[in-house]
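For reference, the structure discussed in these notes is given below.
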Amino acid sequence: MTALVAMCAIGAGPLVLAAPGLATTTPAPGSSGGTPSPAVATGAPSAGSVASGPPVVLDTQLTRILRAVATTAEEADAAADAGLLTGRIGGAAGELRAGAYALQAADDAAAALPPVTAAPVLLDLIPTSEGWPRSIVALTQGEEDPVPQALLLTQGSPRENYLLVSAIQMLPGSTFPSPPTAGATGPVALDDAGALNAAPQDAVTAIADHLTDPDDAAVQTFEDNSFTDAIIDFQAEVVADPGNDAATITFTHTAVPDRTEALLTGDGGAMVFGYLEHTYSSVPRSSGDTIDLTGTVYQELTGQDTSESGIDVNYGEAVMMYVPPAGSDATIRVVGAAQQLLSATLR
């Protein structure tokens, strides 16, 4: 009989503020240090991304938007009701919260997601554009938040509310790059590298491929970080555990292209937000072998103690990455991540 192990959690550390417009978290305990800062901000837009018009939201508007989103999250969290998210929270943020609520209903000991914090705003990425859809980012941190969180909001049309589609805490030792100067922002193509060293969608696909196969070529694409290290180490330990010899265990991470967003940074790079679907599968190798779910959250989710046919455990993973400008020697840097168990299904 093979026991199914619960997935690892993603940790975080306290914040240290660096220069104005630059937020940095301290390294995790025992780590060798923080990640390098990106190149000095130039305020230059990427090729083909010349902006026009005023900022898409003013400071007062941003304050109102963030308060409305935070209030919606607070009310939905208190009731553990995904239906209350409608109209203000969707995308990856909505999916992860709905998953957390479902888990709380099945397991009283399940941890809640971090609250959505409206203020103070440490910095923001506000593009200047006259068209839709629009995307903005606010980096916030409340008194009880151990690290800053990046809130990505989108507006599909002039009459729609801004929708929170991603809420991601920064990783220990990570740095959030400074925003572009006023008037220097514009739309970022997702499938074309342009003035970046990688297309945003390619960056998201690359991290999914790297997590699925840590030995593939994508390993050279990313700077070392605690998110990929924790997941890769966990996966290796589960597969190598002699107690799991009776099962075939696989881990797959798949990018969801319609959840990818990108905004320019002050040095001509980009902050890229992506979403991955992660499936952790365990299937008995031989007839008569079983998967033991006793004492795990998977037992609560499936209502079964064992499985003779196997189980698929589904997670959502939101990632936030810095992609440097073309010509830079820097690699892609994972700045933040969020992971949530969504469901478990018997085969």
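The values are calculated or read from the model by the stated rules, or taken from the named source; none is laboratory data. Just so we're clear, the structure is a prediction, and the values are computed from it rather than from any experiment. Glycine also receives a Cβ, built like all others from the backbone with ideal geometry; neighbour counts cover every protein chain displayed.
Taken together, the residues in segment 280-306 that are buried (at least 23 other Cβ atoms within 10 Å of the Cβ), hydroxyl-bearing (Ser, Thr, Tyr) and in contact with a Pro (Cβ under 9 Å, 6 or more places away or on another chain) amount to 0. Within segment 81-94, residues that are under 10 Å from Leu164 (Cβ atoms) have Cβ atoms under 7 Å from residues that are assigned to a loop (DSSP other than H, G, I, E, B) in these pairs: Arg88/Asn161, counting only partners at least 6 apart in sequence or on another chain. Restricted to segment 146-184, and to residues there that are part of a loop (DSSP other than H, G, I, E, B) and of a type in the set (Gly, Ala, Ser), the residue that is nearest to Ile136 (Cα to Cα) is Gly156.
Restricting to segment 268-290, what's the tally of residues that are under 30 Å from the mean Cα position of the chain (by Cα) and outside any loop (DSSP other than H, G, I, E, B)? Explain how you work it out, then say what you get.
First, pick out the residues of segment 268-290 that are under 30 Å from the mean Cα position of the chain (by Cα): 268-283.
Filter once more, so that each one left must be outside any loop (DSSP other than H, G, I, E, B): 270-283.
Qualifying residue count for the region: 14.
Checking the conditions here, which among Leu139, Leu85, Leu125, Leu96 is of a type in the set (A, V, I, L, M), under 22 Å from Thr260 (Cα atoms) and at pLDDT below 95? Working first, answer last.
On the way: Leu139 fails: at pLDDT below 95; Leu85 fails: at pLDDT below 95; Leu96 fails: at pLDDT below 95.
Of the residues listed, the single one that is of a type in the set (A, V, I, L, M), under 22 Å from Thr260 (Cα atoms) and at pLDDT below 95 is Leu125.
Across segment 112-140, the number of residues qualifying as surrounded by fewer than 21 Cβ atoms within 10 Å (Cβ to Cβ) and part of a loop (DSSP other than H, G, I, E, B) comes to 11. Scanning segment 267-279 for residues that are over 17 Å from Thr331 (Cα atoms) and surrounded by fewer than 24 Cβ atoms within 10 Å (Cβ to Cβ) yields a total of 3.
Just one of the listed residues (Gly316, Gly268, Gly336) is over 24 Å from Ala105 (Cβ atoms) and modelled with pLDDT of 95 or more, namely Gly336. When Thr250 is tested against (1) surrounded by fewer than 16 Cβ atoms within 10 Å (Cβ to Cβ); (2) among the polar types (S, T, N, Q); (3) out of contact with any strand residue (DSSP E or B) (no Cβ under 8 Å at 6 or more places or on another chain), exactly one condition is not met: (3). Filtered by the rule that a residue be aromatic (Phe, Trp, Tyr) and closer than 20 Å to Asp329 by Cα, segment 191-243 gives a lone residue, Phe222. In segment 137-159, the residues that are under 18 Å from Asp124 (Cα atoms) reach residues that are assigned to a loop (DSSP other than H, G, I, E, B) and of a type in the set (Ser, Thr, Tyr) with C-beta atoms within less than 6 angstrom, at least six apart or across chains, in these pairs: Thr140/Thr117; Gly142/Thr117; Asp145/Thr117; Leu153/Tyr162; Gln155/Tyr162.
Please go through segment 187-198 and pick out each residue that is modelled with pLDDT of 95 or more and either surrounded by fewer than 22 Cβ atoms within 10 Å (Cβ to Cβ) or at positive phi (or both).
Within segment 187-198, the subset modelled with pLDDT of 95 or more is 190-193, 196-198.
If the condition is that a residue be modelled with pLDDT of 95 or more and either surrounded by fewer than 22 Cβ atoms within 10 Å (Cβ to Cβ) or at positive phi (or both), then Leu190, Asp191, Asp192, Ala193, Asn197, Ala198 are the ones that fit.
Against the condition surrounded by fewer than 23 Cβ atoms within 10 Å (Cβ to Cβ), touching a Gly at 6+ places or on another chain (Cβ under 8 Å) and not basic (Lys, Arg), how does Ser343 come out, does it pass?
Numbers: surrounded by fewer than 23 Cβ atoms within 10 Å (Cβ to Cβ): yes; touching a Gly at 6+ places or on another chain (Cβ under 8 Å): yes; not basic (Lys, Arg): yes.
Answer is yes for this residue.
Do we find that Asp215 is in a helix (DSSP H, G or I), farther than 30 Å from Glu308 by Cβ, free of Cβ contacts under 8 Å to residues at least 12 places away in the same chain and of a type in the set (Asp, Glu) in this structure? Working first, answer last.
Numbers: in a helix (DSSP H, G or I): no; farther than 30 Å from Glu308 by Cβ: yes; free of Cβ contacts under 8 Å to residues at least 12 places away in the same chain: yes; of a type in the set (Asp, Glu): yes.
The answer is no for Asp215.
Flag not set for Ala236, criterion: at pLDDT 95 or above and either part of a strand (DSSP E or B) or buried (at least 22 other Cβ atoms within 10 Å of the Cβ) (or both).
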